[in-house]
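K.L.:
I am attaching a structure below and will ask some questions about it afterwards.
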């Protein structure tokens, strides 16, 4: 029981590291596309590890399935939202480079 | 845990201040959404999961979507600089907060509260979950008026002026289409689950209505993003169809029909016969869920210009 607690704690801490790294990337990276790259790490791996830790703590099949469902749904929405934001950012990027070409 | 609570309290005040006192409107909206998410965490910490669910779904999610849609229709990005009067008026919330703090300290300990009264009568209320018992039975009158307020909000939005055309960007690819094909039925299913669960656990009409509204709004956005300006706006027309508009009023009507029946049968206005209370509450909640979902979605989509 004690060993499981330690492993669960380790998983949550690893998840938090990914969250911190993702947030840092979101704040420090210079353009929208690289920021998205940082964000997806927090969403997918960070949340994944935290939820893995949670499943070990609860050790109940129903709770495990619910947490797995949450993870899958968050991944799907994160990927879709990233796709939409990415398209918008890419269009703005194209627009900007076109207007720079005009100035030359 | 006290450290977490203190951090949460401090962050929420800072986020609220930033939301009110930044001149960048987009930042203000994002801060409002963050404020809603943090507030729902506060409700979780106060052991109020019902309120947390409603706050995160309506306060952060739908209100945030409404504000973002409004922002896309405004042709400005920055609010006017705060006047001296606005700065001086900051003293009012500070005084109010101080007064609340003082009154909190002078409360009777332990506070008597109404929870004994609620729990002693729960077997007669028709549901097992105390929050639903309060909302749909003991204080059903308040909940009915909340539905009326939603109608009022819709009327106020209409009175502000014509709903403008949607300014969404046209997107490439089918990612959003497949996303909505997965999510819209799932949201409807979860809305049904949350509604049914309200009888014995956190959940109920407002949370379910917010989820269903999200399904409508998602379908609407995806339709707009795929088709752009040439869009026939099927979802919007469906929501504003006269037959569907009857459902907007369904929650309020159900409340008053049941309320009047209670009056005639001698249980008082909005009193239920204990034997039928459970079924009546479920019927009212189903009608209310559709009302809430449709009105919230109508607030988001607007009537739009006529395409006929």
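The numbers here are math on the coordinates, done by the rules we state, and not lab data. Note that this is a predicted model, so its numbers are computed, not measured. All Cβ positions, glycine included, derive from the backbone under ideal geometry; neighbour counts span all protein chains shown.
K.L.:
Angle, helix A:61-103 long axis vs. longest principal axis of chain A, Cα atoms, 0 to 90°, nearest 10?
P.N.:
Approximately 10 degrees, to the nearest 10.
K.L.:
Going by the alpha-carbon gyration tensor, a ≥ b ≥ c the square roots of its eigenvalues, is chain B rounded (a/c under 1.5) or, if a/c is not under 1.5, prolate (a/b greater than b/c) versus oblate?
P.N.:
oblate
K.L.:
Give the average, rounded to an integer, of partner chain Cβ atoms located within 10 angstrom of each Cβ in A:70-78.
P.N.:
The mean count of partner-chain Cβ atoms within 10 Å per residue comes to 1.
K.L.:
Shape of segment B:223-278 from its Cα gyration tensor (a ≥ b ≥ c, root eigenvalues): rounded if a/c is under 1.5, otherwise prolate when a/b > b/c, or oblate?
P.N.:
prolate
K.L.:
Here is a follow-up. Per DSSP helix of 4 or more residues, -39500 (n - 2.57); summed, then divided by the residues of chain B. What does that give at 222 nm, rounded to the nearest 500?
P.N.:
It lands at -22000 deg cm²/dmol.
K.L.:
Hey, what angle do you get for helix A:47-58 against the long axis of chain A, alpha-carbon based, 0 to 90 degrees rounded to 10?
P.N.:
10
K.L.:
Given the C-alpha centroids of segment A:6-56 and segment B:1-44, what is the distance between them in whole angstrom?
P.N.:
21
K.L.:
Okay, moving on. Using only the alpha carbons of segment B:87-182, determine the length spanned along each of the three principal axes and report them from longest to shortest in whole angstroms.
P.N.:
61, 50, 31
K.L.:
If only Cα atoms are counted, what is the Rg of segment B:1-119, and what is its Dmax, in Å?
P.N.:
For segment B:1-119, the Cα-based Rg and Dmax read 17.6, 54 Å.
K.L.:
Between helix A:32-41 and chain A, what is the angle of the helix's C-alpha long axis to the longest principal axis, kept within 0 to 90° and rounded to the nearest 10?
P.N.:
Helix A:32-41 sits roughly 10 degrees off the main axis of chain A.
K.L.:
Right, next: What is the Å³ per residue value for the convex hull set by the Cα atoms of segment A:35-99?
P.N.:
46
K.L.:
Turning to a different aspect of this structure: Counting only other chains, what is the mean number of Cβ atoms within 10 angstrom of the Cβ of each residue in peptide B:178-188?
P.N.:
Numbers: counts 2, 7, 1, 0, 4, 4, 0, 0, 3, 0, 0.
What the average comes to for B:178-188 is 2.
K.L.:
With every atom except the alpha carbons ignored, what do you get for Rg and Dmax of the protein assembly as shown, in angstroms?
P.N.:
24.1, 84
K.L.:
By count of other Cβ within 10 Å, fewest leading, how are A:59, B:255, B:290 ordered?
P.N.:
A:59, B:290, B:255
K.L.:
Next question, about the same structure. With N set to the residue count of segment B:1-54, report its C-alpha Rg divided by 2.2 N^0.38 Å to two decimal places.
P.N.:
Rounded to two decimals, the normalised Rg is 1.20.
K.L.:
Stokes-Einstein diffusion coefficient for segment B:118-266 at 37 °C in a medium of 0.692 mPa s, Rh from the Kirkwood formula over Cα pairs: what value in µm²/s?
P.N.:
Here the translational diffusion coefficient equals 182 µm²/s.
K.L.:
Rounded to the nearest 0.05, what FRET efficiency do residue B:1 and residue B:148 have when you use their Cβ-Cβ distance and R0 = 56 Å?
P.N.:
On the way: r = 40 Å, r/R0 = 0.71.
Computed FRET efficiency for residue B:1 and residue B:148 comes out at 0.90.
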